[in-house]
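Structure record follows, encoded as structure tokens.
Every read-out reported here was derived from the displayed coordinates using simple, explicitly stated rules and does not represent laboratory data. Because the structure is predicted, anything quoted here is derived from the model rather than measured. Reconstructed Cβ throughout: ideal geometry from the backbone, glycine too, with neighbour counts over all protein chains shown.
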Amino acid sequence: MIELNVAINNKCYANSEKAVLAQLDFTVKQGEFVAIVGPSGCGKSTLLNMISGLESCSGQHISYNESDLQEGITSNKALHQLGYIFQQPRLMPWLTVRENIELILPPEQFDQIDDLLAQVGLANEGEYFPSQLSGGMQRRVSIARAFAINPQLLLLDEPFNSLDAPTASRLRQLLIDLCEQRGTTVVFVTHDLQEAVYLADRIIFMSDSPSTIVHQSIIDLPRPRKESGVSELAWQAQLLFKYPRLLAGRID
Ligand code: ADP
């Protein structure tokens, strides 16, 4: 299992001198589900891209289990510990559902695909092409693909955006079940506080860019939770009563 350590100080993109992320210091414990909530443009995707190694971490410190991620990511072992679910499913349109998952697995693991498709409710759709699936089904393929490598660290970037409410709700439950079964460490980016309260053990709130952490909350509500449960909604209301501008990245 993976513990993630992040220490970012003045992260700039190569084409700009202005920092996107001013200062972010946090640890995600093994098996912990952390939600990152912040206003649009504050650098949430940048943060996930840095953790995944897609964006440069030069001069920054991001490590898991005390080994440096940038060095570790080049080894197959480290790559196979990291799953990333993007805002869009990003499936290869010319490959079937099964082939999309085969693409990231060694052939000796292809026999797991049937089980995995059954777990995400796509037991009969393995031979379909992405264009033959609904948006919700395509997301389920992207979830199956991410879990195919049995990731120890899973990154999600607003994965249920733009889905209808019942589909998003089913996929959140699927995510909870898979993460609980496998003890996955999760960093989940969202701008939806209700979603964060439903899913996470802890929420990190970011300010506007150049961003810092303005607040952290441990969600001490028992599981299983309800998306619109009385305790969940009351927890949210209390927090926003105390910090009315928290979702805009401010605690003043
Ligand atoms: P969020 O996910 O919170 O909406 P992003 O991480 O996508 O925010 O973007 C944060 C800031 O970084 C924005 O101002 C955006 O324009 C800028 N940005 C994102 N990607 C790049 C890039 N590749 N080059 C330069 N600036 C970028």
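Miscellaneous remarks
- For the stretch 114-252, average projected area of the Cα convex hull in nm²: 9.6 nm²
- Of Cys12, Cys42, the sequence from fewest to most neighbouring Cβ atoms within 10 angstrom is Cys12, Cys42.
- Percent of C-alpha pairs per 5 Å bin in the stretch 1-157, short distances first: 2, 8, 17, 19, 17, 14, 12, 8, 4, 1, 0.
- Rounded to 5, percent antiparallel among DSSP beta bridges of the chain: 50 percent
- Among Ile143, Ile113, Ile218, the largest mean-square fluctuation in a Gaussian network model of the chain, built with springs joining Cα atoms closer than 10 Å, belongs to Ile218.
- Likely footprinting exposure, Trp235, Trp94, fewest C-beta neighbours within 10 Å first: Trp94, Trp235
- The chain - percent relative contact order, Cα under 8 Å, separation 6 or more: 28 percent
- Electrostatic tally near Gly126: other residues with Cβ closer than 11 Å to its Cβ, Lys and Arg +1, Asp and Glu -1, net -4.
- In order along the stretch 25-30, phi translates into HN-Hα couplings of 10, 7, 10, 10, 6, 4 Hz, rounded to whole numbers, per the Karplus curve 6.51 cos²θ - 1.76 cosθ + 1.60 with θ = phi - 60° and x for Gly and Pro.
- Sequentially through the stretch 42-56, phi angles give Karplus couplings (6.51, -1.76, 1.60; θ = phi - 60°) of 7, x, 5, 5, 4, 4, 4, 5, 5, 4, 7, x, 6, 10, 4 Hz, Gly and Pro residues having no value and appearing as x.
- Whole-angstrom gap from the stretch 1-43 to the stretch 84-102, using each part's C-alpha centre: 27 Å
- Going from the residue with the fewest nearby Cβ atoms within 10 Å to the one with the most, Ile176, Ile101 rank Ile176, Ile101.
- Note on the chain: with a GNM built from Cα contacts shorter than 10 Å, the maximum mean-square fluctuation among Asp157, Asp208, Asp111 falls on Asp111.
- As a length-normalised measure over Cα pairs under 8 Å and 6 or more apart, the relative contact order of the stretch 134-252 settles at 20 percent.
- For the pair Leu95 and Ser228, label points projected 7 Å from Cα toward Cβ lie 3.9 nm apart.
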